[in-house]
1. Taking the stated definitions as given, is G122 modelled with pLDDT of 95 or more, out of contact with any Phe, Trp or Tyr (no Cβ under 8 Å at 6 or more places or on another chain) and buried (at least 24 other Cβ atoms within 10 Å of the Cβ)?
2. Restricting to the range 51-77, name every residue that is surrounded by 22 or more Cβ atoms within 10 Å (Cβ to Cβ), farther than 25 Å from V282 by Cα and not hydrophobic (A, V, I, L, M, F, W, C).
3. Tell me, please, whether a residue that is surrounded by fewer than 17 Cβ atoms within 10 Å (Cβ to Cβ), in a loop (DSSP other than H, G, I, E, B), more than 20 Å from the chain's Cα centre (by Cα) and at pLDDT 95 or above can be found in the range 86-99.
4. When the range 147-175 is examined, which residues are found to be at pLDDT below 95 and outside any loop (DSSP other than H, G, I, E, B)?
5. So which of T105, T56, T50 ends up being polar (S, T, N, Q) and in contact with a helix residue (DSSP H, G or I) (Cβ under 6 Å, 6 or more places away or on another chain)?
6. So if I check each of D220, D240, which one is under 20 Å from the mean Cα position of the chain (by Cα) and either part of a loop (DSSP other than H, G, I, E, B) or under 24 Å from C23 (Cα atoms) (or both)?
7. Answer yes or no as to whether L135 is in contact with a Pro (Cβ under 7 Å, 6 or more places away or on another chain) and over 27 Å from R278 (Cα atoms).
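The values are calculated or read from the model by the stated rules, or taken from the named source; none is laboratory data. What you see is a predicted model, and the numbers here were worked out from it, not measured in a lab. Ideal geometry is used to build each Cβ from the backbone, glycine not excepted, and the neighbour counts take in all protein chains shown.
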Amino acid sequence: MDQARPPDPDPKPPIRRPPPGACDCHAHVFGAPDHYPLDAGRNEDPAPGTLEDYVTRYRRMHAALGIERGVLVTSNAYGNDNASTTDALGALGLERYRGIALVGTDVRRETLEELHRSGFRGVRINMVTRGRLTLDGAAAMAGMLTEIGMHLQIYLRGASALPAPAPAIAALPIPVVIDHLGLMADAATQAGEPGQSLTRFLGAGRIWIKLSGAYRIGDDPPHYRATASWVRALVVANPDQVIWGTDWPHVRHAGAMPNDGDLLNKLWLDVDDDENYRRILVDNPARLYGFGHS
């Protein structure tokens, strides 16, 4: 079993300091396996550390970047066990942190309601590695999620996953967030039907997109130029439904370990506009995750 490497402990200072209330909308935390058992079907072991270690390093990274809010996503390494994320949210405080859960198609309403009380505001489908929630399963529970106040987050690889499920995604009666720029692998994919599907749905207000995971598409630090024009196209399509995240601590990545300061600097260099910088980092996440409302 491969083991993840630890993240860069020394984030670079941002070129443009984020405005107050800035949010990192995608990160993961882990804990000691004897307290938070790992799923037998995992693809990788997390870097060693207790939950307290991870929370401390996560806080330190945010302090260095000027980030005041965050969203933690339960890792597939835990299957559908959200305990580590739940405990981390409790330690961090629900006034400034939210979670995205992993659940199965058989999840009970009572479980979702408890997750919501614990700070979770969405559930995730993983179409890239593996996951226990399918698009059909999420569609079946969409009404229940909406009533509880949760949305759907989807991790997909654009070139291979779209446009086949695109009509089903667009038809969901619930906010849908696409992870990691849709993993549009190159300019041809971004300009082709997969990219056009995402920009069309984004422009129509049918989906949200996370401007995260650029290092998973083009491994050319520190600027990750392969996604610069794609980021700009998404912001032009709908600046009110794009958000940003570090994807800290960068699990399942074999390339150069990204520096989180570089990732925030990339956002500013790609956007280069104070109004959109604030929308992406502050206003849009506040609306999507309900910051200010516990």
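1. Details: modelled with pLDDT of 95 or more: yes; out of contact with any Phe, Trp or Tyr (no Cβ under 8 Å at 6 or more places or on another chain): yes; buried (at least 24 other Cβ atoms within 10 Å of the Cβ): yes.
In short, yes.
2. N76 - this is the single residue of the range 51-77 that is surrounded by 22 or more Cβ atoms within 10 Å (Cβ to Cβ), farther than 25 Å from V282 by Cα and not hydrophobic (A, V, I, L, M, F, W, C).
3. Scanning the range 86-99, I find no residue that is surrounded by fewer than 17 Cβ atoms within 10 Å (Cβ to Cβ), in a loop (DSSP other than H, G, I, E, B), more than 20 Å from the chain's Cα centre (by Cα) and at pLDDT 95 or above, so the answer is no.
4. Residues satisfying the conditions are I154, Y155, G158, A159, S160, A161, A166, P167, A168, I169, A170, A171.
5. Sole residue among the options that is polar (S, T, N, Q) and in contact with a helix residue (DSSP H, G or I) (Cβ under 6 Å, 6 or more places away or on another chain): T105.
6. Values: D220 fails: under 20 Å from the mean Cα position of the chain (by Cα).
Being under 20 Å from the mean Cα position of the chain (by Cα) and either part of a loop (DSSP other than H, G, I, E, B) or under 24 Å from C23 (Cα atoms) (or both) holds for just one of D220, D240, which is D240.
7. Working: in contact with a Pro (Cβ under 7 Å, 6 or more places away or on another chain): yes; over 27 Å from R278 (Cα atoms): yes.
Criteria met by L135.
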